[in-house]
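Take a look at the structure set out below.
The values are calculated or read from the model by the stated rules, or taken from the named source; none is laboratory data. Everything numeric in this text was worked out from a predicted model, so none of it was measured. When we count neighbours, we look across all protein chains shown, and the Cβ atoms used for this are built from the backbone with ideal geometry, even at glycine. The area values use the complete protein model at the heavy-atom level, side chains included, leaving out ligands, DNA and RNA. Shrake-Rupley method; radii C 1.70, N 1.55, O 1.52, S 1.80 Å.
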Amino acid sequence: MIKLLAKIFIKDSSNYSDPRVRSQYGVLCGSFGIFLNAVLFALKFIFGTLAASVAMVADAFNNLSDAGSSLVQIFGFKLSAKKPDPDHPFGHGRIEYIAGLIVSFIILYMGIALLKDSVLSIMRPKPVQSNVLSVVIMGIGILIKLYMFIYNHLIAKKIDSVAMDVVAKDSLNDVISTAVVIVAIIGSHFTDLPLDGIGGVVVAAFILKTGFEAATDTIAPLLGTAPSADLVYQIEEELMKHEPIVGMHDLVVHDYGPGRMMISLHAEVPGNLNIFSLHDVIDVAEHDISVRFGCQVVIHMDPVDTENKRLAELKQVLLEEIEKLDPQLKVHDIRMVPGDTHTNLIFDVVKPFSCLLTDEQLKVVIHEAVHARCQDVYCAITVDQPFVK
C-alpha cells in the first residue's frame, strides 16, 4: 500500500537522498499511521469498554498515543525540510531528531500512566467480560501493527531516518503488547488471578522499554556521535583516488540532520611538490567528496616528507612500538628536526577512549619505547582524542 501511495503522491519516489523526497515520505508514512492508529483506537476502545478490560482499553490509548506520535513525526519532517536561513546556515535537519525525542517522551508518559492503572487493577480486580469478537479485533490489531513496523522500518532505512525508526520500533513492541493482552483476556476465563492487570503491567513494561530506547536513539545524534566505520572507509577511499595524496587523519563529521553533513579532514601530501598543483588536487578532492556524500567538505593540506630515509626509518620504529602498546593507537603528522646532539621526532598520537593511561603517561611510555631503540631521538608528542570509530 505504501509503495502504491508513494508512486501516486511522491514524484521521483526512488530518489531517497533528495531532501524533498525524504520529507514527503515522512509525511506520507505519518499520515497513514494516524489513519491506522485511529481505526485501532476506536475498535479497541469500544470493545474494551464493553468487555471491561483494562488491558484492552490501555492498548487502545496506546494506539491513540501512536497517532499523536505520527502527527509529531509529520511536523518534524515538515520543519526539518525548511531551507537554511541566516540564523541556521546548515538548515533545520536536527528538528527531525527533536521530533523523535518528543515521540519517545509521549511513549514514556503512556507507559507510566498504563503502569499505574494496571497496578490498581491488580489491587482491585474486576471481572473481564470478553468474547470472540474482542479477541478477533486484537488479532487484527497485531497484523496491522506488524504491517506498520515493516513499512516504517523499511522506509526509515531507505531515507536514513532515526525518527521514523523510533515509530517502527514502537509498532513492533505494540505487536508483543497486544499479544499479551489477548493472553490475558483468554486466560481470565480459566483463573481467578488478575491476569488483566498483570497483562497491563507487561504491556507497560514494553512501552517504557521502547520509550527509553527511542529517547536514547534520538538523543545520541543531537549530542554528536562518531561516524560509522563504513562511512570513514568510504571517505578515505574517495580521498585516496586523488594523487598524490598519501594519507588522511583528523576526520570530523558534523551531523546537522539526515542528508546534512559537513566533513573536515587533513590530507597528507608530499612536501616537495608545487603548492599550486597540490591546492588544485585538494579542490578537486573536496568537490568529488561533496558530490558523492551530498555534503560540505573542508580539507586541510598537510605537507609530509616522503623522501627522507632517516625519517622513514624512525617512522617505522614508531609504528612498531605503537603497535606493541595498543593496536588502536594511531599516529600522524610525523616530522623530524635533526640537531648536532639529538633529533626531535614530532608527531600526534590519537588515543582511543579505551586507553587507561593519562595523556602524560602515554607520552612517557611512547617516548621511552622509541628512545630505547634510537637513543639520539627525543619525542615531542601531542595527544589527540579520536573523532572516528
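Pairs exceeding a 22 Å alpha-carbon distance, out of 11/145; 11/158; 315/363: 11/145. Here are several values of Rg and Dmax of the Cα atoms in Å: (i) 20.8, 66; (ii) 28.8, 96; (iii) 25.5, 88. Which one was derived from the coordinates shown? Here the calculated entry is (ii). When the chain is treated as a Gaussian network with alpha carbon springs shorter than 10 Å, the biggest mean-square fluctuation among 37, 272, 15 belongs to 272.
The figure for residue 241 is an accessible area of roughly 130 square angstrom, using a 1.4 Å probe on the protein chains alone. Over the stretch 29-164, Cα pairs under 8 Å with separation of 6+ residues give a relative contact order of 28 percent. Per-atom-type breakdown for the stretch 26-116 gives carbon and sulfur 80% of the accessible area (1.4 Å probe, protein chains only).
Just the protein heavy atoms count here, and of the accessible area of the stretch 264-389 at 1.4 Å, carbon and sulfur take up 55 percent.
What does DSSP give for the chain in terms of the percent of beta bridges that are antiparallel, rounded to the nearest 5? The answer is about 45 percent antiparallel. Qualifying chymotrypsin sites (Phe, Trp or Tyr not before Pro) in the stretch 352-389, where qualification requires a DSSP coil assignment and no more than 10 other C-beta atoms within 10 Å, comprise 353.
For the chain, the 222 nm mean residue ellipticity estimated from helices alone, with every DSSP H stretch of n ≥ 4 adding -39500 (n - 2.57) and the total spread over all residues, rounds to -21500 deg cm²/dmol. For the stretch 322-328, the Karplus equation 6.51 cos²θ - 1.76 cosθ + 1.60, evaluated at θ = phi - 60°, returns couplings of 4, 4, 5, 5, 6, x, 7 Hz by residue, with Gly and Pro reported as x.
When the chain is treated as a Gaussian network with alpha carbon springs shorter than 10 Å, the biggest mean-square fluctuation among 333, 302, 85 belongs to 85. Which percent of the accessible heavy-atom area of the stretch 133-193 goes to carbon and sulfur, probe 1.4 angstrom? Ligands and nucleic acids excluded, carbon and sulfur give 76 percent. A quarter of the convex hull surface defined by the alpha-carbon atoms of the stretch 16-122 gives 7.6 nm² as the mean projection. The value of relative contact order for the chain, using C-alpha pairs under 8 Å at least six residues apart, is 13 percent.
Relative to the Cα centre, the charge distribution of the chain, modelled as +1 at Lys and Arg Cβ and -1 at Asp and Glu Cβ, gives a dipole magnitude of about 2200 debye. With all protein chains kept in place, the per residue accessible area of the chain amounts to 52 square angstrom at a probe of 1.4 angstrom.
With N residues in the stretch 192-299, what two-decimal value do you get for its Cα radius of gyration over 2.2 N^0.38 Å? Normalised by 2.2 N^0.38 Å, the Cα Rg of the stretch 192-299 equals 1.77. If you take the Cα centroid of the stretch 141-175 and the Cα centroid of the stretch 319-375, the two points sit 48 Å apart.
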